[in-house]
Amino acid sequence: EPLTEAATIGLWALTVGAGTACAWSGVPFVSSAAAVATLATANTMAGWIAHDYIHGKDKFCDNMRWFGPLFAGLGSTWWSNKHNLHHAVTNEVGTDEDLMVDPALWLWAPNEKSDKPWRRLQHLYVLAPFSLLFHIWRFDSAKVAWERRADPKVWQQEMLPLFAHYPLFATACAFSLPKMLAVISLSSVFTAVIVTVSHQTEDLFFERQPDWVLAQLSSTRDSVSSNPFSEWIWGGMNYQVEHHLFPTMPRSKYPALSPVLKAWCEAHGVAYRVDDELDILKRNFALYKNVAEASVDPSAPSAGAPATAAA
């Protein structure tokens, strides 16, 4: 769908242009807060577009793998390895790296060895570790790309775009390091809030799951956007159930797939999990608060303990 793709990239480019204009304006507030907010939004959008190309299996997507390194600072090799594992073993404790967030945050009451005093406050400081997301991902991307630099394709589609990304990013931020750091941090919060709410409150698996489809439906929740801006900034991740069951499908197809999938779930007696966007956010932050107030659980596994085979 070239028109849909062009519109997606065009809207992202307009956001980058608006943020860059704000950063260079020299006008108080506009050149600082407005620039950071706009460029952070653009950075999150670049992440969603790169995410599309990571999942896509056609020649166009393969040829666009450079987009993430160049415009989001995220390498496709590292991302593919991490993200494909998440899709294969969603919410399996010890294998799905998206659950390995302690000792910054806890998703279930920990055992005494894994507990820390600050867990009691995690619902108050949760946005602080969220703000580190892209800082960590950028470092990991560069590390993996450098380790695989002998591969000519990695050089062409990752190393060179990653080298070019930071001068471009610095230019957009008017060569201001504080702005660059603020953009990455705020974009991290936007993205982390979106990607965590779809899974963290759902079923966690401490054993290997033999039924992959049922596991995806049990560990994933959709969100219903209330306005066009929200639909845009979610980047298709509001259709997380559809995305997990059909990860190579273009996100533009998810609205049409949603009622079909709902009907299939109803016919097979399986819950199709979905919330309004405000409710899904409340649900996730309630989880952090409940776990913060919970007593230690002597039998709880650590986040890095591998799931065992189902009996």
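The values are calculated or read from the model by the stated rules, or taken from the named source; none is laboratory data. From a predicted model like this one, the values you see are computed outputs, not experimental measurements. FYI the Cβ positions are ideal-geometry reconstructions off the backbone, even for glycines, and counts take in every protein chain you see. Areas reflect the complete protein model, heavy atoms only, side chains present, ligands, DNA and RNA absent. Shrake-Rupley method; radii C 1.70, N 1.55, O 1.52, S 1.80 Å.
Quick rundown of the values:
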read-out	value
Extension gain, residue 9 back to residue 121 (0.36 nm per residue minus Cα-Cα distance, nm)	36.3 nm
Förster-model FRET efficiency, 22 Å R0, residue 113 and residue 136, C-beta, rounded to 0.05	0.35
Rough spin-label spacing in nm, given labels placed 7 Å along Cα→Cβ, for residue 256 and residue 57	1.9
Principal semi-axes in Å for region 197-264 [√(5λ), Cα gyration tensor, largest first]	22, 14, 10
Dipole magnitude of region 164-261 about its Cα centre (Cβ charges: Lys, Arg +1; Asp, Glu -1), debye to nearest 20	380
Helix 76-88 axis, angle to the chain major axis (alpha carbon atoms, nearest 10°)	20
Amide H partners (placed H, <5 Å) of residue 275, local residues excluded	222, 223, 224
Most fluctuating residue given options 259, 301, 129, as computed from a GNM of the chain linking Cα atoms under 10 Å	259
Kirkwood Rh, angstrom, region 107-254 [1 / mean 1/r, Cα pairs]	18.6
Karplus (6.51, -1.76, 1.60) ³J(HN,Hα), θ = phi - 60°, over region 107-122, in Hz, Gly and Pro reported as x	9, 8, 4, x, 6, 4, 5, 8, 7, 9, x, 6, 4, 4, 10, 4
Tilt relative to the chain, helix 277-293 - C-alpha long axis, 0 to 90 degrees, to 10	60
With 5 Å bins from 0: P(r) over region 149-205, alpha-carbon pairs, percent	4, 16, 13, 13, 14, 15, 13, 8, 3, 0
Equivalent-ellipsoid semi-axes of the chain, from the Cα gyration tensor, Å, largest first	31, 24, 21
Alpha carbon Rg of region 90-134, scaled by the compact-globule rule 2.2 N^0.38 Å	1.18
With eigenvalues of the C-alpha gyration tensor scaled by 5 and rooted, region 169-311, Å	29, 24, 15
Dipole magnitude (debye, nearest 20) for region 202-311, charges at Cβ of Lys, Arg, Asp, Glu	200
Burial order of peptide ranges 228-234, 187-193, 159-165 (average beta-carbon count within 10 Å, highest first)	187-193, 159-165, 228-234
Kirkwood-type radius of region 94-177, with distances r between different C-alpha atoms, in Å	15.9
Accessible surface of region 97-199, 1.4 Å probe, proportion on carbon and sulfur as whole %	70
Under 25 Å from residue 179, Cα to Cα: lysines that are on another chain or at least 8 residues apart	143
Karplus-derived 3J(HN,Hα), 6.51/-1.76/1.60, for each residue of region 218-225, Hz, glycine and proline x	7, 10, 9, 9, 7, 10, 9, 6
D (Stokes-Einstein, µm²/s), Kirkwood Cα radius, region 31-99, 0.890 mPa s at 25 °C	184
Dipole in debye (nearest 20) - the chain, about Cα centre, beta carbon charges: Lys, Arg +1; Asp, Glu -1	780
Selection from 60, 238, 267 lying farthest towards where the dipole of the chain points positive, charges on Cβ	60
Residue-by-residue Karplus 3J(HN,Hα) for region 138-147, coefficients 6.51, -1.76, 1.60, Hz, glycine and proline x	5, 4, 4, 4, 5, 5, 5, 4, 5, 5
